[in-house]
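The structure appears below as structure tokens.
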Amino acid sequence: MKGRLAALLVSAAVSFSANGAEPDPLESPLWDYMRTQFIGDDAYVFDDRVKVGLPEFAEDPTQVPIMVDASALSGNIKQIITWADLNPIQHIFTYYPHPEIVPRISLRIKVQQGTAVRAAVQTKDGVWHMGGSYLDAAGGGCTAPSAANSDPYWESHLGEMKSRFFAKEEGGRYKFKVIHPMDTGLVNAIPEFYIQQVAVRNQQGESLARLELSQPVSENPVITFDVRDKNQKHSVWLRDNSGNEFGRDL
């Protein structure tokens, strides 16, 4: 009875707030503009079930760990959009998780200054569930040249990947790294060069998750995600904005 009552209260809260404007809990000056850019005039609700994990301060603004956890809405998700309000390039990634993939993902990003970082989770009813955290940072991460530009190593190792699998009591966790400079295009004389697409596939070649990445993802991306079936084998495929494709079994 208590569980049913709690579910009804959550449903009522979402229904109420999705039909009226809520004040931004992070008090970002760009909230209304960013909301319009990414979700338009769609119904939305600020939802504590959408977690955005960040350090309190970005010691290295070119390598900031971020974790987005929407597992509380698992099985009811169409897409997840993540962005940083005050970055010169705001979009970080859009994630389309299959029900076989736990909607929880970690990677590292670049930030230009202290900013609100948000995850917007669209459920199957079309409502966006908003989560976010504030990140304090000294800044400059988006306009700093990648280390690859001073080291020719990457040219002969572009797209090389390493991966590990960690079995859990329920399901498992993959962590993989790919060598890529992920240049933003905001540094003088260095054009943008970054991975745009990532797909996780099962043994039958079916896509279980898709990621659309943008330039703020850090150099040599390290991506961590969870699967429900630890006995299923998976592979990953990537494509950058120059048309280079990479892939390997995980």
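Values in this text are rule-based calculations from the coordinates and carry no lab data. Only a predicted model underlies this, so the values are computations on that prediction, with no experimental measurement involved. Glycine also receives a Cβ, built like all others from the backbone with ideal geometry; neighbour counts cover every protein chain displayed.
Could you go through segment 65-78 in sequence order and give the Karplus-derived ³J(HN,Hα) for each residue, using 6.51 cos²θ - 1.76 cosθ + 1.60 with θ = phi - 60°, rounded to whole Hz, and x for Gly and Pro?
Each residue of segment 65-78 in turn: x, 9, 10, 10, 10, 10, 5, 5, 10, 4, x, 10, 10, 8 Hz.
For LYS51, list the lysines whose Cα falls under 26 Å from its own Cα; do not include residues on the same chain fewer than 8 positions away.
By straight Cα distance, LYS51 reaches LYS2, LYS78, LYS110, LYS124, LYS168, LYS175, LYS177, LYS230.
For Cα pairs less than 8 Å apart in space and 6+ apart in sequence, what is the mean separation divided by the residue count of segment 25-249, i.e. the relative contact order in percent?
Here the relative contact order equals 21 percent.
Rank the residues PHE225, PHE166, PHE193 as a footprinting-exposure proxy: fewest other Cβ atoms within 10 Å of their Cβ go first.
Lowest count first: PHE166, PHE193, PHE225.
For segment 68-160, run through the trypsin sites (Lys or Arg not before Pro) and keep only the ones in DSSP coil with at most 14 other Cβ atoms within 10 Å of their Cβ.
Sites meeting the loop and neighbour criteria: LYS124.
If you place +1 on the Cβ of every Lys and Arg, -1 on the Cβ of every Asp and Glu, and leave all else neutral, what size is the dipole of segment 25-249 about its Cα centre, to the nearest 20 Debye?
Result for segment 25-249 is approximately 740 debye, rounded to the nearest 20.
Which residues' amide hydrogens lie under 5 Å from the amide hydrogen of SER218, considering only partners 5 or more residues apart or on another chain, with H built in the peptide plane?
Excluding prolines and chain starts, which carry no amide H, the hits are ARG108, ILE109, LYS110.
In whole Hz and in residue order, list the ³J(HN,Hα) couplings for segment 86-99 that follow from phi through the Karplus curve 6.51 cos²θ - 1.76 cosθ + 1.60, θ = phi - 60°; x for Gly and Pro.
Karplus-based 3J(HN,Hα) across segment 86-99 equals 9, 6, x, 10, 7, 5, 9, 7, 10, 10, 10, x, 6, x Hz.
Of the listed values (i) 1.26; (ii) 0.98; (iii) 1.03, identify the label whose number matches Cα Rg over 2.2 N^0.38 Å calculated from this model.
(iii)
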